[in-house]
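Only the coordinates and a few stated rules stand behind these numbers; no lab work does. Values in this document were obtained by computation on a predicted structure and should not be read as measured data. Backbone-built Cβ (ideal geometry, glycine too); neighbour counts: all protein chains shown.
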Amino acid sequence: MPNILPLSEVKTTVALQGTIIEAWLAKCLHGGALPPGLRSAMEYSLLAGGKRLRPILCLVSARLFGLAGEAALPFAAAIECIHTYSLIHDDLPAMDNDDLRRGKPSNHKQFDEATAILAGDALLTDAFAFMAGVQEIPAHRVLRALALVAEAAGSSGMVGGQFLDMLYTGAALQGKTVSLEQLATMHAMKTGALLRCPCEAGAVLAGAPEEAVQAMRRYGASLGAAFQITDDILDETGTEETLGKPVGSDKDMGKTTYPSLLGLEHSTRLAAEHAAAATQALAPFHGPEAALLRGLAEYVINRVS
């Protein structure tokens, strides 16, 4: 039986790893000619908390293949900058029009819409400078990992998925229905890509063999699916206090979700199946980092926020 880190220890490890990432994020925007007002808007969302799951996945994946986590830290944390940009833009009136994020007013509510757009733009662009500036890893590995992140964040990944999400929402559907296959494809792009790429990029940065990189890709893809299905479930069963954002907004906006297509019970089983598939992808790997990654697959479907 493969070793898996117990859920309580996973939570402790995630919290500890999160503090390391938080420390890097807290200083990454200081220096240079960044206008103070723009920095305030960027840091408002960047330092607002969150699980920091994406950079943690990158660091753990890198360590699994022998790369010290500190070497990959700027790269991993930059992925969190990209994730934060996506949240700022996702909350905008033209997108999901959400007033609350992580228990605080959304960026465009705290500042204004133009500032929020620019803060997101800056976080996205600066992230690539942070990743390209990594010095302790061979350049060809950094370049390949950069390409993976760009693909995951761009038109065939997160941005394309957001476009489909808008196309599949409420009035935009114009009486059409969204199939389970279409929903899965959309979420694999919008949410899954930015959870898959840290796993894959961490392996690439560490110089892992190609078959190991592909195994990490499969792990990340299944983890992303489990994460999104759980998100859909929590939007119906969670509370605003624990989630830090409005509950039931998916239904209010007419979004197609896993529970709306399959019901809560079937959706819960499907999330567990994807978590099991993620664990299975790690079968060739052993040691504490592999145990943590297996534990993270359980963590994403047992979380309450």
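By the count of neighbouring beta-carbon atoms within 10 Å, fewest first, Met95, Met216 end up ordered Met95, Met216. Every helix of 4 or more DSSP H residues in the chain counts as -39500 (n - 2.57), and over all residues that averages to -22000 deg cm²/dmol at 222 nm.
Across all Cα pairs in segment 118-192, the calculated P(r) in 5 Å bins from zero up to the longest distance comes to 3, 14, 18, 18, 15, 12, 9, 6, 3, 2, 0 percent per bin. Extending 7 Å from Cα along the Cβ direction at His140 and again at Asn97 yields two label points whose distance is 5.2 nm. Think of each Lys and Arg Cβ as +1 and each Asp and Glu Cβ as -1; about the Cα centre, that makes the dipole of the chain roughly 500 debye.
Footprinting exposure proxy ranking of Leu34, Leu194, fewest other C-beta atoms within 10 angstrom first, gives Leu34, Leu194. Largest first and in whole Å, the equivalent-ellipsoid semi-axes of segment 7-302 read 28, 25, 17, each the square root of five times a Cα gyration tensor eigenvalue.
What separates the Cα centres of segment 262-305 and segment 134-186 is a distance of 21 Å.
Each of Ser155, Leu262, Ala71 was placed along the dipole of segment 7-302 (beta-carbon charges, centred on the mean Cα), and the one lying farthest toward the positive end is Ala71.
Within the listed set Pro198, Pro209, Pro288, the Gaussian network model of the chain (springs between alpha-carbon atoms below 10 Å) gives the highest mean-square fluctuation for Pro209. Residue exposure proxy: Phe163, Phe75, ordered by other Cβ atoms within 10 angstrom of their Cβ from fewest to most, comes out as Phe163, Phe75. Distance between the modelled labels on Ala33 and Thr19, one decimal in nanometres: 3.9 nm (7 Å Cα→Cβ projection). So how far, in whole Å, is the C-alpha centre of segment 20-58 from the one of segment 66-93? Answer, in whole Å: 9. Each residue of segment 23-40 was assigned a 3J(HN,Hα) from its phi angle through the Karplus expression (A = 6.51, B = -1.76, C = 1.60, θ = phi - 60°), giving 4, 5, 5, 5, 10, 5, 9, 9, x, x, 9, 5, x, x, x, 5, 4, 4 Hz with x at Gly and Pro. Taking segment 192-235 and a reference point 7 angstrom along Cα→Cβ of Leu261, the backbone N atoms nearer than 15 Å belong to 192, 225-233.
Suppose the chain between Phe163 and Thr12 were pulled fully straight at 0.36 nm per residue; how much longer would it get relative to their current alpha carbon spacing?
Details: separation 151, 0.36 × 151 = 54.36 nm, distance 3.60 nm.
Contour length minus the Cα-Cα distance gives 50.8 nm.
Here the 3J(HN,Hα) profile of segment 220-231, calculated from phi with Karplus coefficients 6.51, -1.76 and 1.60 at θ = phi - 60°, is x, 5, 5, 4, x, 5, 4, 4, 5, 4, 5, 4 Hz, Gly and Pro shown as x.
Taken along its principal axes, the alpha carbon cloud of segment 86-140 reaches lengths of 43, 21, 17 Å, longest axis first.
Between amide H atoms placed 1.01 Å from N, distances below 5 Å from Thr169 occur with no residue 5 or more places distant or on a separate chain.
Close amide-amide hydrogen proximity is noted between Leu100 and Ser106, each under 5 Å apart and 5 or more residues distant or on a separate chain (H modeled in the peptide plane; Pro and chain starts excluded).
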